[in-house]
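Colleague: One structure, as structure tokens, below. Some questions next.
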Amino acid sequence: MIINKPNKYEEVQVNSEFERLELGGHKGIIKNVEEYTSTISGNTSLKVEVDTALDDKQPKYFQEQYDNNTDMNKKWSTGATKYVSLKEDENCVKMLKGFITAVENSNNGFEYNWDKDIDQLKGKKVGLVFGLEEYEDQEGKLKTATKLTQFRSLDKIDNIKIPRVKLLDGTFVEYEEYSKPSNKIENDFDTTVEIDDSILD
């Protein structure tokens with residue numbers, strides 16, 4: 001049997017051609033911030049899209065992925081997108097304050113103005129922490145994806161501990177334990193798994 005060579009075969013790049021993003025701390029920059037409302041719960045969050053900064057050890061990592069993506073419907077990597085809840089309960093307020101404080105501490109003289117639009121956050125520097133998260137692919141195979149897990153002040157990201165791994169069942173395990181050879185699971189560092197509204201409930 002002979003198959004026809006697809007039109008875009010030569011242009012398409014496979015994931016293995018990309019350098020994997022190192023887990024742990026990175027110098028980052030906020031590319032976009034917008035309000036996001038869950039279609040399931042109705043809860044509202046800040047959708048924050050970031051990239052590694054020009055002076056990071058892996059500069060413009062996600063921008064290069066985006067630029068090299070030949071898909072007509074390409075989107076910013078879900079691994080570089082984090083949702084910060086705007087709910088009023090204490091844990092959510094603590095998360096929001098942690099994000100705002102990290103941005104303020106990373107930009108000399110910047111103080112978030114609650115009377116101005118969230119666009120004031122775009123282009124600001126911030127520390128980023130990346131870890132692993134389990135998911136099942138379309139064939140039901142267990143894999144891990146590299147995800148933005150935390151925001152930190154830039155002066156706190158050097159030699160930062162790699163976050164605990166989020167397992168498929170929602171629990172967490174220390175990275176050192178998870179990364180033992182007997183636990184090795186394929187890592188899809190630029191997964192296109194879409195955001196699940198249920199996590200914003």
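Colleague: Given the condition modelled with pLDDT of 95 or more, in a loop (DSSP other than H, G, I, E, B) and surrounded by 13 or more Cβ atoms within 10 Å (Cβ to Cβ), answer yes or no: does some residue in segment 34-54 qualify?
Modeller: Yes, the conditions are met somewhere in segment 34-54.
Colleague: Then there's this: Could you please find all residues in segment 120-143 being at pLDDT 95 or above, of a type outside the set (D, E, K, R) and either surrounded by 14 or more Cβ atoms within 10 Å (Cβ to Cβ) or in a strand (DSSP E or B) (or both)?
Modeller: Of everything in segment 120-143, those that are at pLDDT 95 or above, of a type outside the set (D, E, K, R) and either surrounded by 14 or more Cβ atoms within 10 Å (Cβ to Cβ) or in a strand (DSSP E or B) (or both) turn out to be Gln120, Leu121, Val126, Gly127, Leu128, Val129, Phe130, Gly131, Leu132.
Colleague: Turning to a different aspect of this structure: Restricting the first residue to segment 128-143 and requiring it to be over 12 Å from Leu168 (Cβ atoms), which pairs with a second residue that is hydroxyl-bearing (Ser, Thr, Tyr) and assigned to a strand (DSSP E or B) meet a Cβ separation below 7 Å and a spacing of at least six or different chains?
Modeller: What qualifies is Val129/Thr149; Phe130/Thr146; Phe130/Thr149; Gly131/Thr149.
Colleague: Give the residue, chosen from Lys82, Lys74, that is in contact with an Asp or Glu (Cβ under 9 Å, 6 or more places away or on another chain) and not small (Gly, Ala, Ser).
Modeller: So the residue among Lys82, Lys74 that is in contact with an Asp or Glu (Cβ under 9 Å, 6 or more places away or on another chain) and not small (Gly, Ala, Ser) is Lys82.
Colleague: Test each condition in (1) at pLDDT below 95; (2) farther than 20 Å from Gly25 by Cβ; (3) within 19 Å of the chain's Cα centre (by Cα) for Lys156 and report the one that comes out false.
Modeller: (2)
Colleague: If I filter segment 13-33 down to residues being among the polar types (S, T, N, Q) and either at pLDDT 95 or above or not in a loop (DSSP other than H, G, I, E, B) (or both), which single residue comes out as surrounded by the most Cβ atoms within 10 Å (Cβ to Cβ)?
Modeller: By that ranking, first place goes to Asn32.
Colleague: If you don't mind, there's one more thing I want to ask. Find the residue count for segment 150-166, including only residues that are crowded, with 18+ Cβ neighbours inside 10 Å and of a type outside the set (Lys, Arg).
Modeller: Final tally of qualifying residues: 7.
Colleague: Would you point out which residue out of Ser85, Ser106 is surrounded by 15 or more Cβ atoms within 10 Å (Cβ to Cβ) and more than 18 Å from Lys125 (Cβ to Cβ)?
Modeller: Residue meeting the stated conditions: Ser85.
The values are calculated or read from the model by the stated rules, or taken from the named source; none is laboratory data. Note that the coordinates shown come from a computational prediction; the quantities given were computed from them, not determined experimentally. Every residue, glycine as well, gets a Cβ built from its backbone with ideal geometry; the counts of neighbours run over all protein chains shown.
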